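What follows is a single structure, written as structure tokens, with notes after it.
Derivation of every value follows stated rules applied to the coordinates shown; laboratory data play no part. It should be emphasised that the depicted structure is a prediction, and the values quoted were computed from it without experimental measurement. In this analysis, Cβ positions are derived from the backbone assuming ideal geometry, glycine residues included, and neighbour counts consider all displayed protein chains.
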Amino acid sequence: LALAKKWSDHGEKPACNIIFAAWNCEERGMHGSRYFVRHTDANPGKVLAYINMDMISRSAPVDNNRRQLSIGTMPESEGLRQIAIAGNLGLPLPFELDLWDVTGHSGSDYASFIEKNIPVMTFFSGYQVDYHTPEDDADKADLKKMEDILKIVNDCIRELTESSSVK
């Protein structure tokens with residue numbers, strides 16, 4: 001929501017449309033994202049990329065420095081990976097990146113876009129100890145980590161809207 005507000009308040013019109021969306025029912029079959037890609041004109045010719053942020057406010061127990069970040073893309077999306085790497089290097093304290101291939105994975109809403117061959121970037125900061133429990137409270141969020149991840153995501157959005165193409 002913070003990124004949507006930032007872009008809304010920006011004042012300048014980007015070269016392409018940006019849609020900010022929140023999906024429901026991921027754990028029950030990704031109904032929200034699947035509905036979107038099936039009932040809109042979401043196709044590779046019209047959608048530059050889908051950026052997914054899933055669990056970006058906490059760290060895995062092994063991430064002692066709280067500076068690990070996983071970014072998944074499709075194998076042919078070298079341009080997206082380079083945009084993310086550049087955004088990360090722009091941080092005062094860059095993350096240790098885990099760049100991985102999303103092909104064959106279906107654990108999050110990005111899978112709905114992969115099915116339509118739409119390039120994806122998915123950001124994930126690790127499975128934390130309270131994952132899917134009532135103890136996963138907002139006061140445990142690492143706001144600095146989330147802020148830095150959102151800076152990278154924002155850089156990716158800016159680069160995509162300025163270039164209006166993905167390679």
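Observations
- Within region 1-104, none of the chymotrypsin sites (Phe, Trp or Tyr not before Pro) combine a DSSP coil assignment with at most 10 other C-beta atoms in a 10 angstrom radius.
- Potential extension, Tyr35-Trp100 segment - 0.36 nm per residue separation minus Cα distance: 20.8 nm
- Cα centre as origin, Lys/Arg/Asp/Glu Cβ charges: the chain dipole, Debye: 440
- Look at the alpha carbon pairs under 8 Å that are at least 6 residues apart: their mean separation over the length of the chain gives a relative contact order of 35 percent.
- Cα gyration tensor, region 1-152 - rounded (a/c under 1.5), prolate or oblate: rounded
- Per-residue [θ]222 nm for the chain (sum of -39500 (n - 2.57) over DSSP H runs n ≥ 4, rounded to 500): -10000 deg cm²/dmol
- Cross-link check: pairs Lys13/Lys140; Lys5/Lys145; Lys5/Lys140; Lys46/Lys145 evaluated at a Cα-Cα cut-off of 25 Å; pairs beyond the cut-off: Lys13/Lys140; Lys46/Lys145.
- Of the residues Gln82, Asn65, Ala15, the one whose Cα sits farthest toward the positive end of the charge dipole of the chain, with +1 on the Cβ of Lys and Arg and -1 on the Cβ of Asp and Glu, is Ala15.
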